[in-house]
Amino acid sequence: MKINLLKIGKIKNLSELKKYDLKSPIFLNNYLFHYLILTNNLNALKLYDFPVEKENDENLNGFQLASKYENYKLLNYLLEKYPKKTSIENSNNENFLHYLSSDSKNYNSLFKNKKIKWSSLLQKYSKDKISPLDILFNSGSLENILEVVRKIKIK
């Protein structure tokens, strides 16, 4: 199947969205919502309840994919819409915080969401024995480190 990312990036309504399979991968192991995230099509993401916990061909779910590309607008939307799915890990035991740059100016904007269990997400170790908290203290900006320490109760 040939995927037209320009066309997917311009989806504006439910009828255009339903031209694609919404519950199964449309190419390799990539679902439509993966392509909507890649094309930054937030409006189309809002039209349907996608299975954002599903991994793509790179073992990334929707949260991780938005994090990998530092798309905070999309990531904040996903956190608001699917708060119960934020702790879902990929096959490497990584959550979306493993993919964020902890020195980004937008990093702390995520921690405003009170529905998320930030402490457990920050302390989750991957198969490589790295946690988002390790990443933050190793390569995060001082401002981000101090803000996380202030906002999050870490055990």
So, in region 50-65, how many residues would count as being open to solvent by 50 Å² or more (accessible area, probe 1.4 Å) and either within 14 Å of ILE26 (Cβ to Cβ) or touching a Pro at 6+ places or on another chain (Cβ under 6 Å) (or both)? 2
Among the residues of region 26-39, what is the count of those that are part of a loop (DSSP other than H, G, I, E, B), surrounded by 15 or more Cβ atoms within 10 Å (Cβ to Cβ) and under 18 Å from the mean Cα position of the chain (by Cα)? 2
Can you find a residue that is closer than 28 Å to LEU133 by Cα and either buried (at least 20 other Cβ atoms within 10 Å of the Cβ) or among the basic types (Lys, Arg) (or both) anywhere in region 40-49? no
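Considering each of LEU22, LEU5, LEU74, LEU14 in turn, give the residue that is in contact with a helix residue (DSSP H, G or I) (Cβ under 7 Å, 6 or more places away or on another chain) and modelled with pLDDT of 95 or more. Walk me through how you get there before you give the answer.
On the way: LEU22 fails: modelled with pLDDT of 95 or more; LEU5 fails: modelled with pLDDT of 95 or more; LEU14 fails: in contact with a helix residue (DSSP H, G or I) (Cβ under 7 Å, 6 or more places away or on another chain).
Answer to the selection: LEU74.
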When you go through (1) buried (at least 19 other Cβ atoms within 10 Å of the Cβ); (2) within 14 Å of the chain's Cα centre (by Cα) one by one for TYR72, which number turns out not to apply? (1)
Which one is farthest from the chain's Cα centre (by Cα) among residues in region 140-155 that are within 23 Å of LYS73 (Cβ to Cβ) and open to solvent by 60 Å² or more (accessible area, probe 1.4 Å)? GLU143
So, in region 103-139, how many residues would count as being over 18 Å from LEU65 (Cβ atoms), part of a loop (DSSP other than H, G, I, E, B) and open to solvent by less than 20 Å² (accessible area, probe 1.4 Å)? 2
Quick check, is TYR48 within 12 Å of the chain's Cα centre (by Cα) and within 30 Å of LYS2 (Cα to Cα)? no
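So in region 31-71, with the set limited to residues that are among the basic types (Lys, Arg) and under 21 Å from TYR20 (Cα atoms), which one is modelled with the lowest pLDDT?
Checking each candidate, the answer is LYS54.
The values are calculated or read from the model by the stated rules, or taken from the named source; none is laboratory data. In this text, all values refer to a predicted model and were calculated from it rather than measured experimentally. Cβ sites come from the backbone with ideal geometry, for glycine too, and all protein chains shown count toward neighbours. The protein model used for the area step is the full one, side chains on, heavy atoms only, and it has no ligands, DNA or RNA in it. Shrake-Rupley method; radii C 1.70, N 1.55, O 1.52, S 1.80 Å.
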